[in-house]
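Below is one structure, written out as structure tokens; the observations come after it.
The values are calculated or read from the model by the stated rules, or taken from the named source; none is laboratory data. Just so we're clear, the structure is a prediction, and the values are computed from it rather than from any experiment. Cβ: placed from backbone, ideal geometry, glycine included. Neighbour counts: every protein chain shown. With ligands, DNA and RNA removed, areas are computed over all heavy atoms of the protein, side chains included. Shrake-Rupley method; radii C 1.70, N 1.55, O 1.52, S 1.80 Å.
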Amino acid sequence: MDFILWIYGLRLLPEISSLLPSNWRRITRWILCPFPGISSLLPSNWRYLINAPSFFPRALPEIFSFLPSNWRRITRWILSFGFMASVLYLGFLLFCPAIGGISLMHPRFSHVLYLRFFLFYPAIGGMATAAASTVSFVPELGAIPCEPFDASSAVAAAPKLLRISNVSESTRGWMTLVHVVEADRVKVASHGSISKSFRLFRFGDSQGIKVSAIVYDDNVPCVDGLLLPFRKYYISNAEIRRLAELPPDCFYPFYWVINSDTSIREATDVGLPVLPFYFGLRSYDSLHFVADTNNLINIMGVVVNSLPARDVYVEGILRRERDIIIVDQGKRPIILTLFGDYESIEGRAIENLMHAMPIIIAIRVRVTTKKCLSLSIHPSSIVLVCPDVLEAKLLDAWCTDNISELVRLVFDERAYLDPTVLLPPVRDLTVTTIADVLSCDPFDWGNAWIKGHVEVAWPCARSWHMACPHCYELYDYATTLGTLCLSCGLGIYAFPRAWIRLTVHDDTGYVNVIALGAEAERLIGVSAVYMYASTDDENFALYCRVSRQIKRSKLLLYIKRSTDVIRTETTTRYTVVACYPA
């Protein structure tokens with residue numbers, strides 16, 4: 001089409017040139033006449049590209065005739081330089097069409113090249129039009145859009161999909177695929193008259209990297225119905241802040257603040273990467289290593305029984321508690337105590353699902369020795385009921401196959417209170433020397449296994465004491481009988497409890513300990529009720545006999561630090577939790 005128009009223009013040119021002054025006719029003819037001097041310097045296949053526009057050399061003398069003589073040389077150099085620069089520029093446009101991220105071959109710009117080349121350089125204009133294969137016609141000037149087009153805007157609008165480890169404070173336009181590991185409830189932090197509501201989350205990605213996220217105040221309702229546990233989401237444009245101190249188990253030094261500008265979209269794509277199981281679950285047989293310490297653990301189990309809720313006093317404060325019994329494939333049932341909001345929310349949800357024995361994952365819970373060996377909720381804990389993970393499904397299938405044995409352990413044998421089940425004897429490699437126990441700082445050391453020869457510490461008139469029947473705290477019933485226990489807030493009645501004070505020796509030193517309750521009765525050989533009903537003389541004779549039996553025997557003991565009351569009343573720093581013949 002452009003070739004036909006060019007031929008038509010050649011035929012009309014004589015008529016057009018006749019209307020021009022005589023001194024311009026020659027210039028017009030030279031526009032269409034090839035210049036052999038320049039074209040001869042080029043390869044044969046390039047000559048047709050330069051012949052048509054080579055009007056400048058022939059037109060120069062006529063142009064110079066209009067200029068003063070002293071300007072002719074300067075003008076000649078300027079026009080020659082401009083001609084060569086124009087040729088190079090148009091060649092660059094043709095063979096390097098993408099400039100600054102904007103393609104001139106795009107349908108919105110191809111007509112610009114076409115018009116520019118068609119008016120002055122028909123051969124190059126034809127090549128440019130052929131290169132813009134998406135355009136088959138030349139649009140009219142009125143059809144040219146007025147708004148500018150930026151081809152890179154489509155790329156810039158789509159955020160870069162990154163992993164959590166690649167997102168930092170300087171990252172812009174990012175997006176990442178995360179797996180919601182933890183979703184805490186809404187909490188309120190108060191400082192004086194100022195309060196702030198917030199909600200915490202924990203995300204993970206396919207690398208196993210985890211990041212904490214927090215939502216404040218007015219943005220908390222924005223995540224209602226979103227960020228549900230164990231679901232995958234695309235998150236972008238969250239505020240990135242650096243952690244003041246990096247926790248020991250954290251490899252990502254930032255945390256995210258979710259605000260109104262944050263984009264959250266659930267990932268429903270098929271073929272998404274399989275995200276790993278993020279919970280570092282603690283095995284039941286290793287709980288004694290972290291008992292009565294500040295270490296928090298994650299644990300999973302099937303709830304076999306949920307005991308009724310009760311009101312107890314803790315340090316003078318009344319709170320609602322509920323004990324649930326959980327167990328895993330190790331068949332060591334253990335108590336998990338829920339209190340406060342955990343009892344009213346997760347505790348009631350578990351109670352409603354007890355017909356199916358639900359699976360739970362308890363995150364960041366403490367191990368205590370209040371009930372032999374048990375678990376307790378921490379303010380930062382999260383309890384996930386019926387988690388949708390493969391490990392929970394496998395445990396549920398195992399529970400179905402072993403339901404009769406679990407019922408026997410929990411309901412018939414009450415194994416969750418039996419030290420022989422929860423704290424069986426350990427190997428010698430786990431035993432701590434007495435010298436190491438005595439040298440440990442109370443804030444750095446929890447409980448320990450010790451082994452040594454045992455003897456009764458000193459003679460005593462009786463081997464029993466009066467205690468609270470609920471929390472077993474030692475009391476002088478002369479002043480407390482008929483009142484409430486100051487520890488648990490429940491009514492006190494006559495409840496004798498056995499005790500015996502021992503001295504344990506090994507090659508590194510000795511330590512005084514006290515055995516209470518069932519452990520003391522096993523060492524003495526009679527119950528506390530029997531000793532309570534005996535006279536003082538009978539009790540003293542019993543004590544002497546027990547002393548002779550125990551003297552120089554070797555025992556393996558699991559000990560903890562005594563409570564303030566026991567330490568004050570008996571002057572013993574350590575209490576026996578479990579003991580076995582060595």
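Of everything listed in (1) in contact with a strand residue (DSSP E or B) (Cβ under 7 Å, 6 or more places away or on another chain); (2) part of a strand (DSSP E or B), the single unmet condition for P379 is (1). Within the stretch 352-370, being on the phi < 0 side of the Ramachandran plot and surrounded by 17 or more Cβ atoms within 10 Å (Cβ to Cβ) holds for P358, I359, I360, I361, A362, I363, V365, R366, V367, T368, T369. Checked against (1) assigned to a strand (DSSP E or B); (2) open to solvent by 10 Å² or more (accessible area, probe 1.4 Å); (3) out of contact with any Leu (no Cβ under 8 Å at 6 or more places or on another chain), L338 passes all but a single condition, namely (2). Only residues that are open to solvent by 30 Å² or more (accessible area, probe 1.4 Å) and closer than 23 Å to C386 by Cα were counted in the stretch 209-243, giving 10. Filtered by the rule that a residue be without any contact (Cβ under 8 Å) to a residue 60 or more places away in the chain and acidic (D, E), the stretch 183-220 gives D217, D218. Considered as a group, the residues in the stretch 502-525 that are outside any helix (DSSP H, G or I) and open to solvent by 30 Å² or more (accessible area, probe 1.4 Å) include one that is farthest from E569 (Cα to Cα), and that residue is D507.
Put simply, of T432, T420 the only residue that is modelled with pLDDT of 70 or more, part of a loop (DSSP other than H, G, I, E, B), open to solvent by 20 Å² or more (accessible area, probe 1.4 Å) and within 19 Å of V290 (Cα to Cα) is T432.
Scanning the stretch 165-183 for residues that are surrounded by fewer than 18 Cβ atoms within 10 Å (Cβ to Cβ), more than 16 Å from I209 (Cβ to Cβ) and touching a strand residue (DSSP E or B) at 6+ places or on another chain (Cβ under 7 Å) returns E169, G173. Counting only residues that are open to solvent by less than 70 Å² (accessible area, probe 1.4 Å) and part of a strand (DSSP E or B), the stretch 300-318 holds 9 of them.
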